[in-house]
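Here is the structure we will look at.
Readers should treat all values here as calculations from the given coordinates under stated rules, not as data from a laboratory. This is a predicted model, so every value here is computed, not measured. Cβ sites come from the backbone with ideal geometry, for glycine too, and all protein chains shown count toward neighbours.
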Amino acid sequence: MTGPVRREPSLRPAKSPWADDPEIPRFSYLTLRATDGWTGLNPVPPRPPIHRKVSTVRSMMKRLSLGVCISTSMALLGCGGEMMDADAMADMALPEEAVGTTASAVETASDFRFRTANRYAGIHGYAAGYGNFHEANYGAGVVRGTILLKPGTVAHYLAVPRSSLGNTALSNIPELFRRAQDYGNAHGLGIALPSFEQGLNGSVVEYGVHFLHPSVVEFRDVPGWAIGYPDVTDAGAMMRAASDYASSNGFAGGLPTFHSAIYSGTRVYGMHLIRPGYADSRDVLADVLAMQDRFSSDTATVTGDNWARTLRRHEAAQDSIQTCTHLTTLEKSALRSAYRKAIRHTGTNEAGINARAELGGDDVWINFGVLFPQGDTEIAQTLIHEMMHIAGYSHPDRRNGIDTPYDGGPYYNSAPLRAELCIAGFQSIHSTRESSREPQTR
């Protein structure tokens, strides 16, 4: 995996000659609305709050309410509330990969990696993102190479009918890349990068496809001997080969076309190489990427901006776990397991609390109006505290005038309070936090 690329000015997208062509199906970041007929998967009925502590917010990642997605530059499809047809469900019903501190097979290639990397890019303000299918463990958990395309690199993000892409399954990565590029070529749209998201427009299944500005990439026929002759049907091998070649030749990233041919006796592979300055590379915890799929928010009570910030602060909490000296090995393991659950988040206006969660549950309720003005450190401390409740750890009621931070007493020495030390080395003394942690429902 490569380090951060050299910073250069982002592209300024110009108006394209096809921008007003009514024959090209599209949704633009500026005009997309939740009323445009997009629906999504896995609608979850609201659940009543059970325990005083954190808030619940459902993932816009799974349900793709597109108006919300736009406000966070998510560039996703499939956020909605309606169940999709059986064929669409089959595409999305792929088993999740094993993630965490135990490395998963490097050879494993799935559209799950593309989806979660693209969603991760969105919450961090990038135009698009994808995984290069490299992974490693440097001692703090499995990390995956993630390429993040800067704002201005994407000319269009379109909702393309699946029928226009050969009814290709999302799981067929090589064929979907080829079909998406064929579609882009036919309409003069640029370089295709499928998001591996889908949605319904009436009864029509549509896939989300990014089309990059042609100036962002350089096309090359790369000789097979330079990249080890990967199998074009092996998505993981092709993605790693493109990444390695790009890194070795000074590019910010590489995308295979999944086409190969023999020219003058030499097998060559088509590659789109992202020019320096147009993308950043980052090693992201596999659990953080998976969280983009597993965690959900209630779009009725959580704005897109608040949801993106919530996910970023959950990321900060997860990043702190391995090196934290304030939790036991068993406690850290339980906390990681909690972060691998499907956690639902909902906004609440309950007075006097930052957030709440139920012991061993899978819901978090957040008082955004109270918590978020307190800043990023407090948000991360609150979230890791609530995740410790979900992991099964409780604490007694705080005794006013008796319990104080670092006193070693039963309240501040409990696992949820010690977890706060993982974030910034201190425990919160905000009354809104303390009152939210008493009582607890088991």
Report summary line: In order over the range 394-408: 3J(HN,Hα) from phi, Karplus 6.51/-1.76/1.60, θ = phi - 60°, whole Hz, x for each Gly or Pro, gives 10, 8, x, 5, 6, 9, 4, x, 10, 7, 9, x, 6, 7, x
Query raised in the report: Rounded, prolate or oblate: which one fits the range 233-357, using the alpha carbon gyration tensor with axes a ≥ b ≥ c (rounded when a/c is under 1.5, else prolate when a/b beats b/c, else oblate)?
Result: prolate
Report task. Compute the length gained on full extension between Tyr138 and Ser337: take 0.36 nm times their separation in residues and subtract their Cα-Cα distance, giving the result in nm to one decimal. Result -> 69.7 nm
Report summary line: Full extension between Val204 and Arg399 adds, at 0.36 nm per residue less the Cα distance, a length in nm of 64.3 nm
Query raised in the report: How far, in nm, would the chain grow between Phe426 and Glu175 when pulled straight, counting 0.36 nm per residue and subtracting the alpha carbon separation?
Result: 85.2 nm
Query - Modelled label reach - Leu330, point 7 Å along Cα→Cβ, the range 365-398 residues with backbone N closer than 19 Å - result: 388-396
Query raised in the report: Using Cα pairs under 8 angstrom and six or more residues apart, how large is the relative contact order of the range 303-435, in percent?
Result: 27
